[in-house]
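Read-outs throughout are calculated quantities, based only on the coordinates presented, and are distinct from any laboratory measurement. As the structure is a computational prediction, the values presented were derived from the model and not from experiment. Here the Cβ is made from the backbone with ideal geometry for all residues, glycine too, and neighbour counts use every protein chain on show.
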Amino acid sequence: MTNLVAIDIGGTHARFCLAAIAADGGITLGEPVTLHTADHASFQTAWEHFAHQQGGTLPRAVAIAIAGPVGGETIRFTNNPWVLRPDALAGELGVDQVTLVNDFGAVGHAVARAEAEHFLHLAGPDEPLPAAGTLSVVGPGTGLGVAHVWHDGAGHYRVQATEGGHIDFAPLDTIEDRILAHLRQRHRRVSVERVVAGPGIVGIYETLAAMEGRAIQQFDDKTLWQRAASGEDSLAAAAVGRFCLSLGSVAGDIALAQGASGVVIAGGLGLRIRDTLLASGFAERFRAKGRFEALMAALPVKLITHPQPGLFGAAAAFATEHL
């Protein structure tokens, strides 16, 4: 049994938990502790806070999922003041082993190792994800994460995080033509992340309002998601429906480009709108690839429902690297 600390660092929150990896590779997570990054001057002081909560002693191994690139001598965060220096981390934290992984790379590891009970069927054949070949992983959140997981069919896998969220947005109908035109007023180049990530709901909502001749109200993305979920704003609900259509198209494009044998939708946003995804035209849009429609219809598409994929994936990345 190998004990470690698993950590998932974002801009606003950092989640810590104790984890254990069994000899057969099984991963067990302790109860997560969520800290606000703004409440701690540095990652080291947040680590010390967590250590104090755990009685003062932590395992001498750590796996950290980071919202951003993990290469280079220094890691800086967009929305918090922490700075990590990978070469100094072991000494600063008093550990012997350190694994750093991109946060969506960690999601890829979670997809590779999660049990079947942590996947919800969305489209295609209702069967387990294939044990060999490539799984495309698409995660709408603050941005649009894209990765792929390759299995060799013998229990081994590799995860490749990508920047697939920045491919060009391709409209499929006149409404999406108008969404693209609206977003081009703000961005010279419109990537899929501008549409099918959390903040993308704003541009969709504004486009639909303009189509109906309504005055455009200035809501932020969190407010619009809440207004849609509560049922108080039918236009916000329509924007979410359109979001699901576009997500289906994008996920299908990624699967084609990566030669996928299965697809997983990840990210907290996907989990929050799971019921809407199931009731929307997501599956139809995923399949709508012209001459390749039959191929797309044969791909199982799942939503990962693991409660802590970042922490679980960080621990899985550690196991792949060190065990």
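What does the charge count near Gly145 come to, summing +1 for each Lys or Arg and -1 for each Asp or Glu among other residues with Cβ under 12 Å from its Cβ? Result for the neighbourhood of Gly145: -3.
Applying a length cut-off of 18 Å (Cα extent along the axis) and a mean Kyte-Doolittle floor of 0.0 to the DSSP H helices of the chain leaves 234-258, 309-322.
Viscosity 1.567 mPa s, temperature 4 °C: what is the translational diffusion coefficient of the stretch 130-188 from Stokes-Einstein with a Kirkwood Rh over Cα pairs, rounded to a whole number of µm²/s? Reported coefficient: 93 µm²/s. A crude spin-label estimate for the pair Ala90 and Ala41, with each label 7 Å from Cα along the Cβ direction, gives 2.7 nm. The charge dipole of the chain, taken about its Cα centre with unit charges on the Cβ atoms of Lys, Arg (+1), Asp and Glu (-1) only, comes to about 660 debye.
Is the stretch 61-189 best put as rounded, prolate or oblate by its Cα gyration tensor, with a ≥ b ≥ c the root eigenvalues, rounded for a/c under 1.5, and otherwise prolate when a/b is larger than b/c, oblate when not?
Oblate shape, in that a/c is at least 1.5 and b/c is the bigger or equal ratio.
If you count the DSSP beta bridges with both ends in the chain, what percent of them are antiparallel, to the nearest 5? In the chain, approximately 65 percent of DSSP beta bridges are antiparallel ones.
Computed from the C-beta positions of His187 and Glu48 and an R0 of 51 Å, the FRET efficiency is 0.75 to the nearest 0.05. Note on Glu232 and Asn79: the model spin-label points, each 7 Å out from Cα along the C-beta direction, lie 2.2 nm apart. For the stretch 220-297, the percent of C-alpha pairs falling in each 10 Å distance bin, counted from 0 to the bin holding the largest distance, reads 19, 46, 25, 10, 0. The residue among Ala65, Gly25, Gln226 whose Cα reaches farthest toward the positive pole of the charge dipole of the chain, with charges on the beta-carbon of Lys, Arg, Asp and Glu, is Gln226.
For the stretch 164-304, what is the relative contact order in percent, using Cα pairs closer than 8 Å and at least 6 residues apart in sequence?
Worked out over the stretch 164-304, it gives 19 percent.
Comparing Cys244, Thr207, His187 along the charge dipole axis of the stretch 164-304, the residue lying farthest to the positive side is His187, per the Cβ-charge model. Applying 1/(1 + (r/R0)^6) with R0 = 35 Å to the Cβ-Cβ distance of Leu120 and Asn3, what FRET efficiency is obtained, to the nearest 0.05? Given R0 = 35 Å and the Cβ-Cβ separation, E is 0.70.
Once you sort the root eigenvalues of the Cα gyration tensor of the stretch 165-246 as a ≥ b ≥ c, which label holds: rounded (a/c under 1.5), prolate (a/b larger than b/c) or oblate (the other case)? Cα axes put the stretch 165-246 in the prolate bin. With the cut-off at 1.5 for a/c, could you classify the stretch 268-322 from its C-alpha gyration tensor as rounded, prolate or oblate? Here the stretch 268-322 falls in the oblate category.
Our summary gives the chain a relative contact order of 22 percent, counting only alpha carbon pairs under 8 angstrom and 6 or more residues apart. Computed over the Cα atoms of the chain, the ratio of the radius of gyration to the Kirkwood radius (Rg/Rh) comes to 0.99. In plain terms, the chain from Ala131 to Leu323 could stretch by 67.0 nm, reckoned as 0.36 nm per residue minus the Cα-Cα distance. Using a cutoff of 8 angstrom between alpha carbon atoms and counting only pairs six or more residues apart, the relative contact order for the stretch 122-211 works out to 23 percent. Pairs of Cα atoms in the stretch 164-304 fall into 5 Å distance bins, from 0 up to the last occupied one, in shares of 2, 10, 20, 23, 20, 14, 7, 3, 1 percent.
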